[in-house]
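Worksheet: one structure, shown below.
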Amino acid sequence: MGSRPLPLLPGYAVITDIPMSFNKRHQFEIRDGIPVTDVVEHRALDRPIATADRVPREHPPMVESADIADKWSKKIPHRDRKEIPLSKKPAWMVYDNHVLRFNAYFREAVHECAGEASRVRRCTLFFYLADDSIHVEELRDHSSGMQQGLLVKRHQIPFSPERYVLVGDLAKIGAEISIYGKTLRITDADPFTRRFLSSALGIDLGVAEPTPIDEFHAK
């Protein structure tokens with residue numbers, strides 16, 4: 001029946017290109033042991049002849065490239081090297097790995113509890129001098145019934161619509177700073193922070209402020 005011609009009736013289409021091979025298709029071709037795609041076979045006559053007048057203008061001569069490579073490959077003697085003055089170095093280089101640490105706390109209202117009205121939550125505020133970014137971690141208090149840990153991820157905290165929080169905004173015992181609806185009060189700082197503020201900015205933080213005790217911790 002396959003050898004008999006099919007009638008060409010109006011409204012019917014006859015498919016003649018019936019596939020005879022049903023092998024699994026593949027996407028890669030192996031060239032020099034490496035699987036590649038979009039392999040295009042070129043014959044020798046199809047390749048353009050490389051002549052001097054047909055070299056693209058955007059490619060510099062090989063002599064200039066060799067001269068540049070030889071120039072930059074020469075080693076500079078140690079005596080000719082100059083160190084960048086400290087005053088001309090960027091902040092991210094001068095203050096790399098310099099972090100100020102402040103102790104702080106904020107109050108959070110406690111609802112539906114007759115024994116307490118608010119909870120004092122102690123935090124540690126880290127100020128990175130390299131980029132003026134801040135991250136805040138809350139000290140873990142066992143059996144508090146509240147989510148604790150990382151409070152604010154490291155980024156620049158907005159102080160006002162015009163600028164971000166700077167180290168001068170924190171360099172005072174009793175200073176208060178609002179971070180996303182929470183008002184943190186600075187109570188103390190570590191020894192490195194005190195030395196840095198005293199030597200670099202001439203600021204003496206003074207005596208540390210005690211953290212108040214709420215009804216939950218007073219029990």
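The values are calculated or read from the model by the stated rules, or taken from the named source; none is laboratory data. This structure is a prediction, so every number in the text was calculated from the model and none was measured. All Cβ positions, even for glycine, are placed from backbone atoms using ideal geometry, and neighbour counts span all protein chains on display.
Against the conditions (1) surrounded by 14 or more Cβ atoms within 10 Å (Cβ to Cβ); (2) of a type in the set (A, V, I, L, M, F, W, C); (3) closer than 28 Å to Pro90 by Cβ; (4) in contact with a Phe, Trp or Tyr (Cβ under 8 Å, 6 or more places away or on another chain), Val120 satisfies every one except (3). Within region 1-13, residues that are among the β-branched types (Val, Ile, Thr) have Cβ atoms under 9 Å from residues that are modelled with pLDDT under 75 and not in a loop (DSSP other than H, G, I, E, B) in no pair, counting only partners at least 6 apart in sequence or on another chain. Checking each residue in region 89-109 for being in contact (Cβ under 8 Å) with a residue 60 or more places away in the chain and out of contact with any Lys or Arg (no Cβ under 9 Å at 6 or more places or on another chain) picks out His98, Leu100, Arg101, Phe102.
With the condition kept exactly as written, say whether any residue in region 141-153 is under 21 Å from the mean Cα position of the chain (by Cα), loosely packed, with under 14 Cβ neighbours inside 10 Å and either modelled with pLDDT of 90 or more or of a type in the set (Ser, Thr, Tyr) (or both). Yes, the conditions are met somewhere in region 141-153. When we screen Glu112, Glu138 for residues that are crowded, with 17+ Cβ neighbours inside 10 Å and either free of Cβ contacts under 8 Å to residues at least 24 places away in the same chain or of a type in the set (Val, Ile, Thr) (or both), the only hit is Glu138.
If I go through region 197-206 residue by residue, how many of them are out of contact with any Lys or Arg (no Cβ under 9 Å at 6 or more places or on another chain) and either more than 22 Å from Ile157 (Cβ to Cβ) or crowded, with 19+ Cβ neighbours inside 10 Å (or both)? Residues meeting the conditions: 4. Does Val165 meet the test of being in contact with a Pro (Cβ under 8 Å, 6 or more places away or on another chain) and of a type in the set (A, V, I, L, M, F, W, C)? For Val165, the condition - in contact with a Pro (Cβ under 8 Å, 6 or more places away or on another chain) and of a type in the set (A, V, I, L, M, F, W, C) - is met.
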